[in-house]
Amino acid sequence: MPPSAPSFCARAGLACEAISLDPKSADALLRRAKAWNKKGEYDKAIADYSEVIRLAPQDPDAFSSRSHALNSKGEHAKAVADFDQATKLILVV
């Protein structure tokens, strides 16, 4: 059963509060995505990672983290594509 919003937000630190104040905060979304991923809520994590990528398309951490979530879901081709993109972004920096 998915965690309730208050208990999940407590575990996700200030990410939920930051997102409520600024829904376009890539940093807060990335923190929440990592919390979802840790809970095994891969679809929710992937949705947040995708939003981070939309907001900050040069963030290698978002691609790498989404790659791990996709891999956990068995979506290996997508995971490899995200990992490749993360690697390219790291090499450019």
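In this structure, does residue 14 turn out to be surrounded by fewer than 19 Cβ atoms within 10 Å (Cβ to Cβ), modelled with pLDDT under 95 and over 20 Å from residue 84 (Cα atoms)?
Yes, satisfied.
How do the pairs read when you match residues in region 34-52 that are within 13 Å of residue 62 (Cβ to Cβ) with residues anywhere that are part of a helix (DSSP H, G or I) and of a type in the set (Phe, Trp, Tyr), using Cβ under 6 Å and keeping only pairs 6 or more apart or on different chains?
Between residues of region 34-52 that are within 13 Å of residue 62 (Cβ to Cβ) and residues that are part of a helix (DSSP H, G or I) and of a type in the set (Phe, Trp, Tyr), the close pairs are 45/36.
So is residue 20 at pLDDT 95 or above and of a type in the set (Gly, Ala, Ser) or not?
Taking the combined requirement at face value, the residue does not satisfy it.
Out of all the residues in region 36-93, which are acidic (Asp, Glu), part of a helix (DSSP H, G or I) and over 9 Å from the mean Cα position of the chain (by Cα)?
Passing the criteria: 43, 82, 84.
Across region 26-53, which residue is farthest from residue 85 (Cα to Cα) among those that are crowded, with 19+ Cβ neighbours inside 10 Å and of a type in the set (Ser, Thr, Tyr)?
So, considering only residues that are crowded, with 19+ Cβ neighbours inside 10 Å and of a type in the set (Ser, Thr, Tyr), the one farthest from residue 85 (Cα to Cα) is 42.
Which of the residues that make up region 59-93 are farther than 19 Å from residue 38 by Cα, surrounded by fewer than 18 Cβ atoms within 10 Å (Cβ to Cβ) and out of contact with any Leu (no Cβ under 6 Å at 6 or more places or on another chain)?
77, 80, 81, 84, 87, 88, 89, 90, 91, 92, 93 - these are the residues of region 59-93 that are farther than 19 Å from residue 38 by Cα, surrounded by fewer than 18 Cβ atoms within 10 Å (Cβ to Cβ) and out of contact with any Leu (no Cβ under 6 Å at 6 or more places or on another chain).
The values are calculated or read from the model by the stated rules, or taken from the named source; none is laboratory data. Please read all numbers here as calculations on a predicted model, not as lab measurements. All Cβ positions, glycine included, derive from the backbone under ideal geometry; neighbour counts span all protein chains shown.
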